[in-house]
Amino acid sequence: MRLMSIASGSSGNCTYIGSSQTHILVDAGISNKRIEQGLNEAGVKGGELNGIVITHEHSDHIRGLGVLARKYGIPIYGTKETLEEIKAKKGLGEYSRGLLEEVRPDVPFAIGDLKLLPFSIDHDAANPVAYRIQHGRSSVAVATDMGHYDQYVIEHLQGLDALLLESNHDVNMLQAGPYPYYLKRRILSDHGHLSNENAGRLLNHLLHDRMKHILLGHLSKENNYEALAYETVKLEIDQGDTVYKASDFPIAVARRDQMSQILYV
């Protein structure tokens, strides 16, 4: 199985995950042109996609959905409430509503030879989910747009080979920054976004000997930067209550403007 971040950040998110037989996207929040460029890097054509799984309906996760759906007729998966919100968005243009497939949190489903498990996250959206994807004995997950984590989230992220995890903001940068007060409150709330510190603290619950790749994603353009997210998460791991050190694992930052390496598990 392979995982590659095509784009990750507050301005747009799209992740490719695939096996030799099945190819999917988690979210499609950038232009169709950029999505297809990313797929080409992985040796995949747009018409070979078997499905697009949507975490929630915010524009930075669905912006390119309409074009992809019209061009290739790819099934689109999301919770009932997410799909209702997507149907109401005029900006996506016309596409076949028959492509929309409902999923439910904690109910596994399959796309080709990939087994997917959506699980609930707390974010200010209709009914958002993160996804755990399994192929054989290998499993990866994409978990962003979480205001906080709890034991339920921890349990759903155990035993992964690779993880793309939100590391959205530095709390001090956000508090001192130009955002209006209501927006700061939203981001810092339990239905907002995961800070660098909390990403590191969550990782302390998830690290294990077989973890091969960690990607930090969904960085805020205004309230974070790559080196800060990376160093803060490393520090939380090194100072955390765990037998591991950050240097025991390959940790990288997924960027908003370019693709990550292809990660193999």
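The values are calculated or read from the model by the stated rules, or taken from the named source; none is laboratory data. This structure is a prediction, so every number in the text was calculated from the model and none was measured. Every residue, glycine among them, receives a Cβ derived from its backbone with ideal geometry; neighbour counts consider all protein chains shown. When the accessible area is computed, the model is the full protein with side chains, heavy atoms only, and any ligands, DNA or RNA have been set aside. Shrake-Rupley method; radii C 1.70, N 1.55, O 1.52, S 1.80 Å.
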**OP:** Give me the pairs, please: first residue somewhere in the range 150-178 and hydroxyl-bearing (Ser, Thr, Tyr), second residue anywhere and assigned to a helix (DSSP H, G or I), beta-carbon distance under 7 Å, and either six or more positions apart or on two chains.
**Re:** SER167/ASN196; SER167/ALA199; SER167/ALA229; SER167/VAL233
**OP:** Of all residues in the range 226-257, count the ones that are without any contact (Cβ under 8 Å) to a residue 24 or more places away in the chain and open to solvent by 10 Å² or more (accessible area, probe 1.4 Å).
**Re:** 8
**OP:** Taking the residues in the range 84-122 that are crowded, with 16+ Cβ neighbours inside 10 Å and farther than 26 Å from MET1 by Cβ as candidates, determine which candidate is modelled with the lowest pLDDT.
**Re:** TYR95
Subject >> Test for ILE214: is it in a strand (DSSP E or B) and touching a residue at least 12 places away in the same chain (Cβ under 8 Å) >> reply: yes
Original post:
Which of the residues spanning the range 1-51 are under 16 Å from the mean Cα position of the chain (by Cα), of a type in the set (Ser, Thr, Tyr), at pLDDT 95 or above and not in a strand (DSSP E or B)?
Top reply: SER8
**OP:** Report the residue count in the range 1-33 for those that are open to solvent by 10 Å² or more (accessible area, probe 1.4 Å) and charged (D, E, K, R).
**Re:** 2
**OP:** Would you please list the contacts, defined by Cβ atoms under 6 Å and residues six or more apart or on different chains, that run from a residue in the range 71-83 that is of a type in the set (D, E, K, R) to a residue that is modelled with pLDDT of 95 or more?
**Re:** LYS80/GLU102; GLU81/ALA126; GLU81/ASN127
Original post:
Any residue at all in the range 173-185 that is in contact with a Leu (Cβ under 9 Å, 6 or more places away or on another chain) and under 23 Å from THR15 (Cβ atoms)?
Top reply: no
**OP:** Among the residues of the range 153-181, write down those that are of a type outside the set (Gly, Ala, Ser) and within 22 Å of ARG137 (Cα to Cα).
**Re:** VAL153, ILE154, GLU155, HIS156, LEU157, GLN158, LEU160, ASP161, LEU163, LEU164, LEU165
Original post:
So which residues in the range 1-35 are closer than 18 Å to ASN50 by Cα, aliphatic (A, V, I, L, M) and without any contact (Cβ under 8 Å) to a residue 60 or more places away in the chain?
Top reply: LEU25, ALA28, ILE35
**OP:** Give the residues of the range 59-83 that are surrounded by fewer than 19 Cβ atoms within 10 Å (Cβ to Cβ) and either aliphatic (A, V, I, L, M) or closer than 19 Å to HIS123 by Cα (or both), sorted by residue number.
**Re:** SER59, LYS80, GLU81
Original post:
If you go through the range 181-233, how many residues are closer than 12 Å to VAL253 by Cα and of a type in the set (Phe, Trp, Tyr)?
Top reply: 2
**OP:** Could you check, for the range 118-129, whether at least one of its residues is among the aliphatic types (A, V, I, L, M) and in contact with a Pro (Cβ under 9 Å, 6 or more places away or on another chain)?
**Re:** yes
**OP:** Considering only residues that are among the hydroxyl-bearing types (Ser, Thr, Tyr) and closer than 30 Å to HIS135 by Cα, look in the range 151-193 and name the one that is most open to solvent (accessible area, probe 1.4 Å).
**Re:** TYR152
